[in-house]
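Colleague: Quick one: the structure is below, and I'll ask about it shortly.
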Amino acid sequence: MAKTQAVSFQLNGKKIETAVEPRELLIHTLRERLLHTGPHIGCETSHCGACTVDVDGMSLKSCTVLSVQCEGADMLTVEGLEQGGVLHAIQQAFHEEHGLQCGFCTPGMMTRTYRLLKENPNPSEQDIRYGIAGNLCRCTGYQNIVKAVQSAARKLAATATA
């Protein structure tokens, strides 16, 4: 058995403490130890973005980050978007605009959209396409994903002014 190291961080608003192997990737800690299966294992080379999570205000591909590097971090996965049984505006927009097909890329796409809209609450279509460029969808032509991001931006703006 490999030597383990304690690591603690905030995950979707909850304090997590777990023991991990020093070489353990965050995606494996999330999925196998913590049973947060929203982030998906895709390419394991950081190309597809299916494993995207938000860590300390940045979109990170969790297949390239060691869990021990997240000590003290504040982390959000797609599971943390929904609050109290109510879908987040991003989740609702992806549903309404058919921004998914097989759904494999969707958790990473939504998590990346969350950060994109935090950084730019009113992105142009070009901003959106650039902003999600690190997240690949093998099923769609991205048009409905772009529409979903635009819709989410409108929903969030309306909520902010209400």
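The values are calculated or read from the model by the stated rules, or taken from the named source; none is laboratory data. Worth saying up front: this structure is predicted, and the values here are computed from it rather than measured. Here Cβ is always computed from backbone atoms with ideal geometry, including for glycine, and neighbour counts include all displayed protein chains. Please note that ligands, DNA and RNA were not included when accessible areas were found on the heavy atoms of the full protein model with its side chains. Shrake-Rupley method; radii C 1.70, N 1.55, O 1.52, S 1.80 Å.
Colleague: For the structure I just gave you, tell me whether Glu44 is open to solvent by 40 Å² or more (accessible area, probe 1.4 Å) and either of a type in the set (Ser, Thr, Tyr) or over 22 Å from Gly131 (Cβ atoms) (or both).
Modeller: So Glu44 passes the test.
Colleague: If you don't mind, there's one more thing I want to ask. Whether any residue in the stretch 149-161 is hydroxyl-bearing (Ser, Thr, Tyr), modelled with pLDDT under 95, part of a helix (DSSP H, G or I) and open to solvent by 60 Å² or more (accessible area, probe 1.4 Å) is what I want to check.
Modeller: yes
Colleague: Ok, one more. One residue is enough: does the stretch 16-33 have a residue meeting the conditions closer than 20 Å to Ser151 by Cα, open to solvent by 10 Å² or more (accessible area, probe 1.4 Å), of a type in the set (Lys, Arg) and not in a strand (DSSP E or B)?
Modeller: No, the conditions are met nowhere in the stretch 16-33.
Colleague: Taking interchain pairs and intrachain pairs at least six residues apart, which have beta carbon atoms under 6 angstrom, with the first residue in the stretch 118-144 and in contact (Cβ under 8 Å) with a residue 40 or more places away in the chain and outside the structural domain of Leu60 (by TED's automatic domain parsing) and the second acidic (Asp, Glu) and assigned to a loop (DSSP other than H, G, I, E, B)?
Modeller: If the second residue must be acidic (Asp, Glu) and assigned to a loop (DSSP other than H, G, I, E, B), the pairs left are Asn144/Glu97.
Colleague: While we're on this one: Looking only at the stretch 76-97, filter to residues that are in contact (Cβ under 8 Å) with a residue 60 or more places away in the chain and among the polar types (S, T, N, Q); which one of those is least open to solvent (accessible area, probe 1.4 Å)?
Modeller: Taking the candidates together, the pick is Thr77.
Colleague: Now for a different question. Can you spot a residue in the stretch 47-57 that is in contact with a strand residue (DSSP E or B) (Cβ under 7 Å, 6 or more places away or on another chain) and open to solvent by 40 Å² or more (accessible area, probe 1.4 Å)?
Modeller: Within the stretch 47-57, one or more residues are in contact with a strand residue (DSSP E or B) (Cβ under 7 Å, 6 or more places away or on another chain) and open to solvent by 40 Å² or more (accessible area, probe 1.4 Å).
Colleague: Could you give me the residue pairs with C-beta distances under 8 Å whose first residue belongs to the stretch 59-75 and is outside the structural domain of Val20 (by TED's automatic domain parsing), whose second residue is surrounded by fewer than 14 Cβ atoms within 10 Å (Cβ to Cβ) wherever it lies, and which are 6+ apart or on separate chains?
Modeller: Short answer, once both residue conditions are applied: none.
Colleague: Here are Leu100, Leu117: which of them is over 30 Å from Pro22 (Cα atoms), crowded, with 19+ Cβ neighbours inside 10 Å and modelled with pLDDT under 95?
Modeller: When all the criteria are applied, what remains is Leu100.
Colleague: Output the number of residues of the stretch 10-24 satisfying the condition of being within 16 Å of the chain's Cα centre (by Cα) and at negative phi.
Modeller: 2
Colleague: Report, by residue number, each residue of the stretch 42-100 that is under 18 Å from Ala148 (Cβ atoms) and among the β-branched types (Val, Ile, Thr).
Modeller: The answer is Thr52, Val78, Val86, Ile90.
Colleague: Out of Ser62, Ser8, which single residue is among the small types (Gly, Ala, Ser) and under 26 Å from Tyr142 (Cα atoms)?
Modeller: Testing whether each residue is among the small types (Gly, Ala, Ser) and under 26 Å from Tyr142 (Cα atoms) leaves just Ser62.
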